[in-house]
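The structure under discussion appears below in the form of structure tokens.
The values are calculated or read from the model by the stated rules, or taken from the named source; none is laboratory data. From a predicted model like this one, the values you see are computed outputs, not experimental measurements. We place every Cβ from the backbone using ideal geometry, glycine too, and count neighbours over all the protein chains shown. Calculation scope for accessible area: heavy atoms of the full protein, side chains included, ligands and nucleic acids excluded. Shrake-Rupley method; radii C 1.70, N 1.55, O 1.52, S 1.80 Å.
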Amino acid sequence: MPFPSRAGVAMQAVLTIDLGAIAANWAMLRDRMAPGLVAGVVKADGYGLGAAPVGRALLAAGCRHFFVAHLAEGMALRAVLGPGPMIAVLNGFAPGADEDAALVPVLNGLPDLAAHAAAGRRRPVILHVDTGMSRLGLDARELELLAAEPGRLGPLELRYVMTHLAVADTPAHPLNAAQAARFAAARARLPAAPFSFANSSGCFLGPDFASDLSRPGCALYGVNPTPGAPNPMRQAVTLAAPILQVRDIPAGETVGYGATWRATRPSRIATVAAGYADGYLRALSGRAVGILAGRPAPLIGRVSMDLITFDVTDAPACHPGEMIQLIGPGNTPDEVAERAGTIGYEILTSLGARYRRDYLGA
Ligand SMILES: *Cc1c(COP(=O)(O)O)cnc(C)c1O
């Protein structure tokens, strides 16, 4: 017999984002990387947490350099932050496409450079040199061409030369040192300019990875930049979802699509209002835990679009309307990611649009 749902209870999951923790994480990295400066990477809507509130919080903390991936993200962020800070667009954009938003294009190859130089305007740009990602950035041949003919830059002002680390979260990987060496060699061939190197994990690799401007993203949001070692960052996200119903089922009964979970004893099942449409990944089926009254309860059966189910047989009495914690202490984004076979970045950037969002310290 299902217990009735409680009328009048707001049956919506609540995502709580601690802007104070994000600002504190940025300040920790600023102190760590000084005298180099530290940017805030707020692409993908601030890793799913809200580029506008996160951007405002970082600006208030003293951050003056921001990175986004898309032109549209940059335009929106400029409207939020006002004219002061640098906003760079990692994927680049066509000359003039930023209108009067004064965004800084990242030039990812000689064709990008040629297009912006041909526009004839003096403007700051960031030149991206590939040192081991083979994704974006000038390759070795393009670097030689530019080194031989620096006049290709025309009126463009090299605000930074940057590269991006491929394996910074694996400190012992030899590619880290190789990228540092390739980057130093590339800079020596280019006109003198400030340079930008480390992502979050790179900030923990030591002095060879220091630069004029580090570019942390995930660490600001509490993802561990030093996997395998204790997380030096503060947690910024909690997600709690309401129990819609609690029901008792007999031994032998199954739960959910595919009937993948079968009760081996009389069991009590709590059905909770979140699902893969909210970014609670289907890969968590049968693998996650919710925290109920401070104790873990196993997620059972498949994650469906709007609902998930927990075995609360051994939990203290629980009732419709009570909240079960899906992300937070005891199930951090990194821990949830581990159970889903992914990384904390994907857990955060998947967070859905149907949650109520509460910002602390806004
Ligand atoms: C996403 C990104 C970053 C930030 O990386 P994190 O691992 O989240 O710190 C820095 N630089 C570039 C080029 C990126 O694409």
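Measuring only protein heavy atoms, the 1.4 Å probe finds Met233 accessible over about 10 Å².
Placing +1 on each Lys and Arg Cβ and -1 on each Asp and Glu Cβ, with no other charges, gives the range 19-221 a dipole about its Cα centre of roughly 280 debye.
Please work out whether the range 19-221 counts as rounded, prolate or oblate from its C-alpha gyration tensor, where a ≥ b ≥ c are the square roots of the eigenvalues and a/c under 1.5 means rounded, while otherwise a/b larger than b/c means prolate and anything else oblate? Oblate is the answer for the range 19-221, as a/c is 1.5 or above yet b/c matches or exceeds a/b.
Solvent-accessible area per residue in the chain equals 43 Å², computed with a 1.4 angstrom probe and all protein chains kept. Charge dipole (Cα centre; +1 on Lys/Arg Cβ, -1 on Asp/Glu Cβ; no other charges) of the range 248-321 amounts to roughly 200 debye. Shown for the chain are the DSSP H helices of 20 Å or more along their axis, judged by Cα atoms, with a mean Kyte-Doolittle hydropathy of at least -1.0: 19-33, 174-189. Split the accessible area of the chain by element, probe 1.4 Å, and carbon with sulfur accounts for 56%. Counting only DSSP H runs of at least 4 residues, each contributing -39500 (n - 2.57), and dividing by the residue count of the chain, the helix-based mean residue ellipticity at 222 nm comes to -7500 deg cm²/dmol. With the charge dipole of the range 19-221 set up from +1 on Lys and Arg Cβ and -1 on Asp and Glu Cβ about the Cα centre, the Cα lying farthest toward the positive end among the listed residues Met33, Ala88, Gly74 is that of Met33. Okay, which of the range 209-240 sit inside 13 Å, backbone N to the point 7 Å along the Cα-Cβ direction of Arg135? 217-218, by backbone N distance to the label point.
About its Cα centre, the chain has a charge dipole of approximately 220 debye under the convention of +1 per Lys or Arg Cβ and -1 per Asp or Glu Cβ, with nothing else charged. What the Cα convex hull of the chain gives, in volume per residue, is 148 Å³.
Rounded to the nearest 5, what % of the DSSP beta bridges within the chain are antiparallel ones? For the chain, the DSSP antiparallel bridge percentage is about 55. If you average the alpha carbon positions of the range 81-122 and of the range 238-287, how far apart do those two centres end up, in angstrom? Measuring centre to centre over Cα atoms gives 49 Å. The trypsin sites (Lys or Arg not before Pro) of the range 51-98 meeting both criteria, a DSSP state outside H, G, I, E and B (loop) and at most 16 other C-beta atoms within 10 angstrom of the site's C-beta, are Arg64. Ranking Ala180, Ala60, Ala101 by how far each Cα lies toward the positive end of the dipole of the range 19-221 (charges on Cβ) leaves Ala60 at the top. Which of Gly137, Gly154, Gly82 ends up with the largest GNM mean-square fluctuation for the chain, with Cα atoms connected below 10 Å? Maximum among the listed residues: Gly82.
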